[in-house]
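Here the structure comes first, spelled out in structure tokens, and everything after it is commentary.
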Amino acid sequence: MTERIRIEGLVKNFGSTKVLKGIDLTVREREVVSLIGPSGSGKSTLLRCMNLLESVTEGKVVVGGKDLTAPDTNLDQVRTEMGMVFQQFNLFPHMRVIENITLAPIRVRKWDRERAEQKAMNLLRKVGLEEKARVYPEKLSGGQMQRVAIARALAMDPKVMLFDEPTSALDPEMIKEVLGVMKHLAREGMTMVIVTHEMGFAREVCDRVLFMDDGRIIEEGKPSELFDQPREDRTRAFLSKVL
Amino acid sequence: MDWSVVWEYKNLFITGVWVTFILTLVGISVGLVIGLTTGLMRLSGIGWLQIPAKVYVDIFRGTPLLLQIFFVHFAVIPTIWEDVMKLEVPDFIFSGFVALSLNAGAYIAEIFRGGIKSIDKGQMEAARSLGMSYAQAMRHIILPQAFKRMLPPLGNEFIALLKDSSLVAPIAVHDLTYAANITAKNTWERWTPYITAGVLYFMLTYLLSRVVFWLERRYSTEGEDR
Ligand SMILES: Nc1ncnc2c1ncn2[C@@H]1O[C@H](COP(=O)(O)OP(=O)(O)O)[C@@H](O)[C@H]1O
Ligand SMILES: [Mg+2]
């Protein structure tokens, strides 16, 4: 399988604190990878380095063959191919649901409104929110907001989806509806990198799980291996707390 | 109290209202452009853009407007026009435009900066993650939301500007305060010229506050189903 994202020797400093201490990682096409680890271990930072929302201190981030850290790379162009879903949804509150979804296709892809709206309606149908198209985000529940956010990212036909704790801000009954949409995406063959605390979901859906601690990837493997027979003490200690 | 003197000098007052109105309008318009530019410069995170913007804002907020008007009128403009360009100095009202616009720009810059900074960082990140450029994200996501929050302080600034425009009277710009002063001086009438100017100022500020109120209503209902 071809590689989608390749990260080599990634170091990230915030001021004088080293947050990522040398990360090597390859995500292949159609692969679903989850990042787990204690809070503050650098999971979000690593994810945000993948689309260079966070600048990289050292090392390389290569996406679809393009080196994002090269000075002449058009990051806007690269980001159109990478959807991102945030813990806090980050919907645009001054726009209706449908406008949230059509904005980037219209402004960035230069689609005409009709085409963008048609696509948006298809996506809303897919996440089960067709009837919410004309509503403003404040009228939605958390779970609905996150599904709209997923639809918004999908509207650009991304080749990868990055999820940063997409269900951590949600009530239990809403977590399921969001995970359901993500599961569906995974089955369709979307390449996904997911920071999550949902171990059940990671085990069921992911091809590979990476355990991070203190800015490093400590251990990785198939979910069954990593969850059932962790090799590292730190992984064991973490899993015993969250499982 | 003799109201007839006001009638006698009515043309001065009519000009005064007009000049005060134009001063305010120019101050608001140019101030908005300067303010947005300066506010964005201060938020740019780029040193050579940030520093001059901050120095400008600090100077104009930290010194009296009257002094700024004198400074522009008696020092800056004559130097540029007479010494450098070898021209005659422009009409006095031009000094008023320059000083008021620069002063308003400094205050508006801070309003813009505060408004933009008050928008959650996640909004910019979401927009950029969709492939929008910084400029597109600003235009479609950040500024529309920030503008809504900036309207009340902007409204206050516009009204303050209208009233502060009276400070150009000492450099003989024929505004409303100047009209009152001249009428009082020439007719020895103590009360009526100033009462007239006060009432006219009040009407102007009232009108302006209605416009601001209407804008606020219009933009605060955006984002809700009407
Ligand atoms: N913008 C920032 N400035 C300074 N420190 C940061 C910033 N973002 C994250 N950090 C620090 O980097 C470390 C890793 O954070 P993060 O990647 O958010 O961890 P995780 O997502 O695993 O909880 C934490 O110690 C956090 O305080
Ligand atoms: Mg995090």
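Could you name the lysines in cross-link range of residue A:119, using Cα to Cα under 18 Å and dropping any fewer than eight places away on the same chain?
Partners found: A:110, A:132, A:159.
For residue A:60, list the aspartates and glutamates whose Cα falls under 12 Å from its own Cα; do not include residues on the same chain fewer than 8 positions away.
Counting by Cα, and skipping residues close in sequence, residue A:60 has these aspartates and glutamates nearby: A:8, A:24.
Between the stretch A:106-151 and the stretch A:1-63, what's the alpha-carbon centroid distance in Å?
29 Å
Build a GNM of chain A with springs between Cα atoms under 10 Å: which of A:97, A:181, A:193 gets the top mean-square fluctuation?
Among A:97, A:181, A:193, the largest GNM mean-square fluctuation belongs to A:181.
Please name whichever of B:197, A:155, B:59 sits farthest to the positive end of the charge dipole of the protein assembly as shown, dipole taken about the Cα centre and charges placed at Cβ: Lys and Arg +1, Asp and Glu -1.
Selected residue: A:155.
Find the relative contact order for chain A and round it to a whole percent, using C-alpha pairs within less than 8 Å whose residues are 6+ positions apart.
26 percent
Amide H of residue A:194: which non-local residues (sequence gap of 5 or more, or other chain) have their own amide H closer than 5 Å, using H built in the peptide plane?
The answer is A:33, A:34, A:35, A:163.
Which cross-chain or sequence-distant (5 or more) residues have an amide H under 5 Å from the amide H of residue A:212, H modelled 1.01 Å from N in plane?
Hits under the 5 Å cutoff: A:36, A:37, A:218.
Per-residue HN-Hα couplings for the stretch B:196-209, Karplus 6.51 cos²θ - 1.76 cosθ + 1.60 at θ = phi - 60°, whole Hz, x for Gly and Pro?
4, 4, x, 5, 5, 4, 4, 5, 5, 5, 4, 4, 5, 5
Which Cα, out of A:240, B:17, B:177, lies furthest along the positive dipole direction of the protein assembly as shown (beta carbon charges, K/R +1, D/E -1)?
Toward the positive end, the furthest listed residue is A:240.
Would you mind giving the mean number of other chain beta-carbons within 10 Å of the Cβ of each residue in A:51-58, as a whole number?
Rounded to a whole number, the mean comes out at 1.
Using all alpha carbons of the stretch A:146-228, what is the percent of pairwise distances in each 10 Å bin, ordered from the shortest bin to the longest?
16, 50, 30, 4
Can you give the angle from 0 to 90° between the axis of helix B:143-164 and the longest principal axis of chain B, with both taken from C-alpha atoms, to the nearest 10?
Approximately 20 degrees, to the nearest 10.
I want the antiparallel fraction of DSSP beta bridges within the protein assembly as shown, as a percent rounded to 5.
Of those bridges, close to 55 percent are antiparallel.
For the stretch B:4-225, I need the span (max minus min coordinate) of the C-alpha atoms along each principal axis, in Å, sorted largest to smallest.
69, 51, 26
Can you give me the P(r) profile for the protein assembly as shown? Cα pairs, bins 20 angstrom wide beginning at 0, each as a whole percent.
Spelled out per bin, shortest first, that is 20, 40, 25, 13, 2, 0.
To test your reading of the geometry: what angle, between 0 and 90 degrees and rounded to tens, separates the Cα axis of helix A:113-126 from the longest principal axis of chain A?
60 degrees
Placing unit charges on C-beta atoms (Lys and Arg positive, Asp and Glu negative, everything else neutral), compute the dipole magnitude of the stretch B:4-225 about its Cα centre in debye, rounded to 20.
In total the dipole reaches around 460 debye.
Dipole magnitude of the stretch A:134-243 about its Cα centre, charges +1 at Lys/Arg Cβ and -1 at Asp/Glu Cβ only, in debye to the nearest 20?
Result for the stretch A:134-243 is approximately 320 debye, rounded to the nearest 20.
Projecting each Cα onto the charge dipole of the stretch B:4-225 (Lys/Arg +1, Asp/Glu -1 at the beta carbon, about the Cα centre), which of B:36, B:142, B:154 comes out farthest on the positive side?
B:142
Counting partner chain Cβ atoms within 10 Å of every residue's Cβ in A:86-96, what's the average?
Average neighbour count from other chains, rounded to a whole number: 5.
What average number of partner chain Cβ atoms lie no more than 10 Å from the Cβ of the residues making up A:135-142?
1
Compute, for the protein assembly as shown, the length of the dipole vector about the Cα centre, with Cβ point charges of +1 (Lys, Arg) and -1 (Asp, Glu) only. Units Debye, rounded to 20.
620 debye
Could you give the nm distance between label points at residue A:122 and residue A:157, where each point is 7 Å from its Cα heading toward the beta carbon?
So the label points at residue A:122 and residue A:157 sit 0.9 nm apart.
Pulled fully out, how much extra length does the chain show between residue B:54 and residue B:89, if you take 0.36 nm times their separation in residues and subtract their Cα-Cα distance?
Extra length available between residue B:54 and residue B:89 comes to 9.6 nm.
If you find the alpha carbon centre of the stretch A:217-236 and of the stretch B:3-76, how far apart are they in angstrom?
65 Å
Coordinate-derived values only; no laboratory data. Keep in mind that this is a model prediction, so the values were computed, not measured. Don't worry about glycine lacking a Cβ; one is built from the backbone with ideal geometry, like all the others, and counts go over all protein chains shown.
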